[in-house]
Amino acid sequence: WGGDPNDPTLLPKQLQQPAHHNRQSGNDDAASNPQSGSSSIPSYHLCLRAPKGSEMFLSDGTNAVTSVHREWDRIQRLSDSLRRGQLPGATGQMIRDVVVVGQGVSIMALRFVYLALCKDTTATIGRKVGMVRSPRRMEIVTTSDPVRVAATVADLDPATTLIITVALSGKEETMVATGLLQSWLFQALGVVQGRRPAEQVLSKHMIFVSSNERLAQQRKPETIFVLPEHSRSEPFSSFTAATLLPLAIVFGWPIVEQFLNGAHDMDSHFVETNPRHNLPVLLALTDVWNESFLQSTGRIVTPYADAFAAYPAFCANLESQTCGNASPSTMAVVGTQVVDGGLHHAYDRSLYQSNKSQPTELVMMLDSQLASNATGLGDMDEIHSAQDYLLCSLFAHADELAFGSTAAEAKGNHPLHPNYLNNHGSPSDAMANTLEKVSEGNRPSVLVLCGQLDAFACGQFVAMAEHRAVVKARLWDFDPFVRESASTLRASRLDVLKETLATMRHSKNLDEDDDDDDDTTTNLSTKTILRHYSNLVRDQRGGRGIHGGSSR
């Protein structure tokens, strides 16, 4: 729960770096003091959802929860003002829709929660805008692809749209998409034509969330949210302004409070519950068993309801960030891959009949989200019947994985059926050749069920995934608290390639291959394709078309 209030410089034992890491560094003092030579900076992300009055002390003796609640108050004030029209856009119209630009775990968590709450009755009420029929919308951009950016804003009104860019490091590739969206705002709201100052549009329609202090200093204080120093670990930023602010604008702060309460509830369960009944611990141990002893390469997560459609992608992103940075001392082969099983049983035949066992995780809620919001789908009996069918389908899938089936069972001739046995109590001749197993069974699977998938449950699911990843990383001896996103690891290489392409584009001798033979920063195959691309786009942008001029 945080440092010792009597000596805040002492971290909890479970957050201290293992001693052998320090021995490897050659620091004798570190070997005797697990904390002094630690390269790991623990994340205090649990304080991001701790209730008011909680105490989680940092190394300087301050209570981390205090500043977190100041941030909550700011998010609540801003979202309430936007939702009431007290902070209108540049043209005086109410801000209704939100476009979030970013990459990483927090964006995947945001997508999961948003899609889940769009189908929740209580949260749907929060999306309404007065007497307007269409509810508030959220669009998410995770790429710099201009086609994707253009498709995102095609149906949006720039006068009523807020752009929120999540740039934790400030080097993300999605900053390019932010530039495209800024141009869209400037063109539509009259900045390009000179009718309105750029600063007015930026202050009304763009907000940044970052942990980059230099980026923060370049923005007006009211247009920037800075992540707290104690919780800048990218995989554990799902309860910062990156997620809370857009959710609060679309659904309202009361829904966000439930989301935070659910996460804290799972935190309490994780910290205080015996490991025999501890959900994140049990799930982590199951993963370690499957991947370390059954040599699986990860797991397939199958959502059994549309509200869980984005949950597998969130899990995949989180675990690749936390369990993908193996230390040199790690000898075990770890499979951190999480595959989206899809809503349509895309991998059934492979799961049932493949000679390699692949662990499966089935996720579903028991209460239909249409229980009290059934419009246009017939009476409630039909809706309940459909939910019954869905639940039975889940258990049929799980039982088939566990026990397998024979050809007779696969054709609907279950051993308990009267026609299965002859008068002597043995299989009839018609069934004798159908006893061979067509599905072996004994395939590992886990069922994760909740009652109702509301904001509280969404908070539980996100927090449970975080704790599960931390336990797995610690068991495998990884440091899960990475301070940079994966995309920043290739940032320097990206800069070099952009310079190489710019040089090619301005070269007078594009068709010759020896014009930059002295360039040793780019490998030959990449350089060759970039040169071809440069020729191609020069013809396109020169108005001669793809097949015109000298393009090949």
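Values for this structure:
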read-out	value
Arg111 vs. criteria open to solvent by 10 Å² or more (accessible area, probe 1.4 Å) and either within 30 Å of Leu370 (Cβ to Cβ) or among the hydroxyl-bearing types (Ser, Thr, Tyr) (or both)	yes
Every residue from the stretch 41-56 that is among the small types (Gly, Ala, Ser) and surrounded by fewer than 20 Cβ atoms within 10 Å (Cβ to Cβ)	Gly53, Ser54
Conditions (1) over 19 Å from Leu244 (Cα atoms); (2) open to solvent by 30 Å² or more (accessible area, probe 1.4 Å); number of the one not met by Thr178	(2)
Enumeration of residues in the stretch 181-206 that are more than 20 Å from Leu244 (Cα to Cα), in contact with a helix residue (DSSP H, G or I) (Cβ under 6 Å, 6 or more places away or on another chain) and open to solvent by less than 20 Å² (accessible area, probe 1.4 Å)	Leu185, Leu189, Val201
Residues within the stretch 75-104 that are within 28 Å of the chain's Cα centre (by Cα), of a type in the set (S, T, N, Q) and open to solvent by 30 Å² or more (accessible area, probe 1.4 Å), tallied	2
Residue list for the stretch 245-262, filter: under 30 Å from His205 (Cα atoms), open to solvent by less than 70 Å² (accessible area, probe 1.4 Å) and part of a helix (DSSP H, G or I)	Leu245, Pro246, Leu247, Ala248, Ile249, Val250, Phe251, Trp253, Ile255, Val256, Phe259, Leu260
The stretch 429-456 residues that are hydrophobic (A, V, I, L, M, F, W, C), paired with ones that are in a loop (DSSP other than H, G, I, E, B) and modelled with pLDDT under 85 (beta carbon under 9 Å, 6 or more apart)	Ala430/Asn413; Met431/Asn413; Met431/Pro415; Met431/Asn422; Ala432/Ser426; Leu453/Gln369
Lone qualifier among Glu409, Glu382 - being part of a helix (DSSP H, G or I), buried (at least 16 other Cβ atoms within 10 Å of the Cβ) and at pLDDT 60 or above	Glu409
The stretch 104-117: number of residues that are farther than 17 Å from Gly262 by Cβ and either out of contact with any Leu (no Cβ under 9 Å at 6 or more places or on another chain) or of a type in the set (Lys, Arg) (or both)	2
Filter pass, Leu449 being modelled with pLDDT of 70 or more, over 30 Å from Leu366 (Cα atoms), under 37 Å from the mean Cα position of the chain (by Cα) and surrounded by 11 or more Cβ atoms within 10 Å (Cβ to Cβ)	no
Test result for Val209, surrounded by 20 or more Cβ atoms within 10 Å (Cβ to Cβ), assigned to a loop (DSSP other than H, G, I, E, B) and touching a helix residue (DSSP H, G or I) at 6+ places or on another chain (Cβ under 6 Å)	no
Some residue of the stretch 215-236 being more than 30 Å from Ser43 (Cβ to Cβ), open to solvent by less than 10 Å² (accessible area, probe 1.4 Å) and either among the aliphatic types (A, V, I, L, M) or out of contact with any Pro (no Cβ under 8 Å at 6 or more places or on another chain) (or both)	no
Subset of the stretch 271-282 that is out of contact with any strand residue (DSSP E or B) (no Cβ under 9 Å at 6 or more places or on another chain) and in contact (Cβ under 8 Å) with a residue 40 or more places away in the chain - its residue that is least open to solvent (accessible area, probe 1.4 Å)	Pro280
Number of the condition not met by Thr143 [criteria: (1) touching a helix residue (DSSP H, G or I) at 6+ places or on another chain (Cβ under 9 Å); (2) outside any strand (DSSP E or B); (3) surrounded by 18 or more Cβ atoms within 10 Å (Cβ to Cβ)]	(3)
Per-region count, the stretch 57-74, residues touching a helix residue (DSSP H, G or I) at 6+ places or on another chain (Cβ under 6 Å) and buried (at least 21 other Cβ atoms within 10 Å of the Cβ)	3
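The values are calculated or read from the model by the stated rules, or taken from the named source; none is laboratory data. None of the values given here were measured: they were computed from a predicted structure. All Cβ positions, even for glycine, are placed from backbone atoms using ideal geometry, and neighbour counts span all protein chains on display. Side chains are part of the model used for accessible areas, which takes the heavy atoms of the whole protein and leaves out ligands, DNA and RNA. Shrake-Rupley method; radii C 1.70, N 1.55, O 1.52, S 1.80 Å.
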